[in-house]
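> Got a structure here, written out as structure tokens. Questions coming.
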Amino acid sequence: MELNVIQPLPEKFQPLWLSQVGRYALGVDWGDHHHSIYSFDLLRSLCPCKGCLEVRQKNQTFPPAAVQPVEIRRFPGQGVSVKWADAHESLYGAEYLRNLCPCATCSEAVQARHQNPLGNPKG
């Protein structure tokens, strides 16, 4: 039987500090000194659980209480948990959350990966 060794996530995927930004967003400071701001609407709409996926697939919207967090917790080396006012809990893995970063720098990097998924040199 082979031992499964779990390595820590790279600093880029380490959420170090969480803060509320205004009334409608979550700020995350990452281990590589990057700062991300996620609207609560975005977070709830991209909750990775099966129930939320079904809501998205049916093009339904979440009720207002569903996008109001009542508790947000950081799990070092793992990710972030959000409890919503409708009693739902979303668990965002650190790598998943970082890849959702909507800032211009991250959006450009995502777009570039989609245009050249194999990383082949242009020419």
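> Give me the angle, in degrees from 0 to 90, between the Cα long axis of helix 104-115 and the longest principal axis of the Cα atoms of the chain, rounded to the nearest 10.
For 104-115 against the chain, the angle is about 60 degrees.
> Let me ask another. Pull up all non-local amide H partners of VAL21: gap of 5 or more, or a different chain, and H-to-H distance under 5 Å with H placed in the peptide plane.
Long-range HN contacts for VAL21: LEU26, GLY27.
> For the chain, taking Cα atoms only, what is the radius of gyration to one decimal and the Dmax to the nearest whole Å?
16.2, 52
> Return the sequence-ordered ³J(HN,Hα) values of segment 49-54 in whole Hz as given by the Karplus equation 6.51 cos²θ - 1.76 cosθ + 1.60 applied to θ = phi - 60°, using x for Gly and Pro.
6, 4, x, 5, 4, 5
> Out of LYS83, LYS50, LYS12, any idea which swings most in a Gaussian network model of the chain, alpha carbons joined below 10 Å?
In this elastic network of the chain, the residue with the biggest mean-square fluctuation among LYS83, LYS50, LYS12 is LYS50.
> Follow-up. Pairs of Cα atoms under 8 Å, at least six residues apart: use those to get the relative contact order of segment 11-115, whole percent.
Values: 163 pairs, mean separation 24.0, N = 105.
So the answer I get is 23 percent.
No lab work stands behind these numbers, since they all come straight from the coordinates. Source: prediction; values computed, not measured.
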